[in-house]
1. Can you give me the relative contact order of chain B as a percent, contacts being Cα pairs under 8 Å and 6 or more apart?
2. Using only the Cα atoms, work out Rg/Rh for chain A, with Rh taken as the Kirkwood radius, to two decimals.
3. So what's the angle, to the nearest 10 degrees on a 0 to 90 scale, between helix B:60-72 and the longest Cα principal axis of chain B?
4. Can you give the relative contact order of chain A as a percent, counting alpha carbon pairs under 8 Å and 6+ residues apart?
5. Going from the alpha-carbon gyration tensor of the protein assembly as shown, what semi-axes, largest first and in whole Å, does one get by taking the root of 5 times each eigenvalue?
6. What list of ³J(HN,Hα) couplings, whole Hz, do you get for the stretch A:196-203 from phi and the Karplus terms 6.51, -1.76, 1.60, once you set θ to phi - 60° and write x for glycine and proline?
7. Once you have a ≥ b ≥ c as the square roots of the Cα gyration tensor eigenvalues for the stretch A:7-130, tell me rounded if a/c is under 1.5, and otherwise prolate or oblate according to whether a/b is larger than b/c.
8. Please give, to one decimal in nm, the separation of the simple spin-label points placed at A:THR180 and A:VAL91, each 7 Å out from Cα toward the Cβ.
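Laboratory data are not the source of any read-out in this text; all were calculated from the coordinates shown. Computed from a predicted model, the values in this text were never measured in an experiment. Here the Cβ positions follow ideal geometry from the backbone for every residue, glycine too, while neighbour counts run over all protein chains shown.
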Amino acid sequence: MGVSVAEGTITAWRKRPGDWIERDETVVEISTDKVETEVPSPAAGRLREVLVEEGATVDVGTLLATLDTAARPGEAHADEHEAEPGERSGVVSPVVRRIAAEHGIDVARLRGSGRRGRVTKKDVLALVNEQGGAGPESAIPAQEGDGGRQRAPAGERLSLMRRQIGEHMVRSLKTAAHCTTVVEADMSAVEAARGRLSYLAFVARAAVASLREHPSLNATIEGEHLTVHSEVHLGVAVSLGEEGLIVPVIRNAHDLSHEGLATRIADVAERARSKRLLPEEVEGGTFTITNPGRFGALLATPIINQPQVAILDLEAVTKRPVVVTDEQGRDSIAVRPMTYLCMSWDHRALDGVLAARFLSSVRRNLESWSG
Amino acid sequence: MPELTYLEAISDGLREEMRHDESVFCLGQDIGSFGGAFKVTEGLADEFGADRMWDTPLAESAIVGAAVGAAVEGMRPIAEMQFADFIACGFDQLVNVAAKMHYRQGLAVPLVVRLPSGGGFSGGPFHSQNPEAWFLQAPGLKVVAPSTPEDAKGLLASAVRDPNPVLYLEHKHLYRRLRGEVAKGRYETPLGEVRVARPGSDLTLVAYGAMVHTALEAVEDLDGARVEVLDLRTLCPLDREGILGSVRKTGKVVVLHEATRSCGVGAEVCALIAEEAFEDLDGPVVRVTAPDVPIPFSPPLESAVLPQVDQVREACRELLEY
């Protein structure tokens, strides 16, 4: 656990009192505000007592269980031969381990048809077939070796966060009919008003206001069911550097003042980077803004954060010569801080006209910014 | 094709080899006019004469030793042990003389020793053994163990043609109980090739000799499981790819033999799988064998020692459910 983690929730005990545990074998699964992780046993022994129940959240340093390291494996124990329904065998056979590795399947999360829930070769092959080679789990293709023998792919396995992001993104691309619409906005008014605030807070504020005008963009779609939301729960993508990214959600963003929204964005971003977000703070968004623009890119086609129907991307604000028309209708060329507002939207839920109207509304809000 | 018993198929094979090649001759105790202890050679003396059907003294070392000498001189002798158990008396001639001849002198030793082996008929500890494993540790020897009349004839032909000394284990229990179609004329069943006695995909059951039939009976109706039964046919050299190919398909293996457990053919097959197919295994490799004891005379005790159908079925079921 990183030093920044203050507390964790017990999601699942993999072992029960009386179970024999090898050193480094997973004993318990823990969810922190940032990651879900498995806790390996520091030593071999028999699990004597579990002190914190599943679902409980406790401070770092809390004693979770005690291990009897004087015990020996194979000693008769009342619980050892009694398999509870739902108990999972920790045994992963060589062939299951190999196939799972080739297809990026986490066997530990499965319950199989073998003895005490062991995942059998048939189980894992059925899962591979189910995914039909197109699923995220088969993103790593099996390599055909000589004689048709398959070998494990080279390289280091992706982190849990990367795998989860990958799974989410691939699923979204497979689910939504992605379209991207782009408008150009003149950020002069925002520039004049923003002081030391980031552009993001202004675009967020403008987008929230536009979402209230165009609620069909503030929606979620699941299968054939579309839900249009009246409250705006705004997701803001926060980069965690090479590790990945996370999207905390600012609930009821429409109720916040501009300053309030800016403060909340800064707050969740800071807590996301220090891994102090609560699990409920990354759920329930209705619209997402992503802002990699401060790194200089001009355009992007973001992937929708499922089950939402649109994601707005703010790229760099750059000074560009543009044609401006004064009140008398005379055109001239001016140097203005310009940006592209790129929005990917789901063609299942809406059409291009709505996307363009919404983006124009955001642009108007930004160009006519008055605080 | 005519239907022959396992025993008739061996007789037929001997006759074909002797007709085909004048250098082929048989030697052993009472194999001539008496036709052998089990009557495998009955009638051969009439057709080929005493010159090619030698009755020998009761001395296995002399039988094997004479065969080695004849083989080195260009003959193709087929020696019969009355019971496989008695090959122990000819052991030195086999493992120290015959098996080393090629390596020491570069000489071919094209001899065959027929070993009527196996139990199941209350033969007791001296007349029921399966001594194949003894010879797996003597490089230079080949060992075959046919399970069907067709292979009994075909493997005999290959054994006679092979330039190495070949031990030919014929299972006594199959002699007159098993019938099957056998082609007329000469044909060879290649050495070192397994036979898929029953195709399947859920589990590989490896057997040879009489146990192939125990295996087939055990898995005939096993809760719908598709068990592949491999008949090894040749125990040395093993058909490595034949075994590994099946294991790669099924991921689960039971090895069955009538011989005792330790350091046997089953152990060798298990070691091969552990070394070459580890990443294809979906369960422990299981052996079903006789325990490490002599074969008892008492019928109930003998049944308890030799692997039975129910025992094989249970082992397969256990592994299928693993």
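1. 17
2. For chain A, the value is 1.07.
3. 80
4. It comes to 15 percent, rounded to a whole number.
5. Output for the protein assembly as shown: semi-axes of 80, 28, 20 Å.
6. Once θ is set to phi - 60°, the couplings for the stretch A:196-203 become 9, 6, 7, 4, 4, 4, 6, 5 Hz.
7. oblate
8. 5.1
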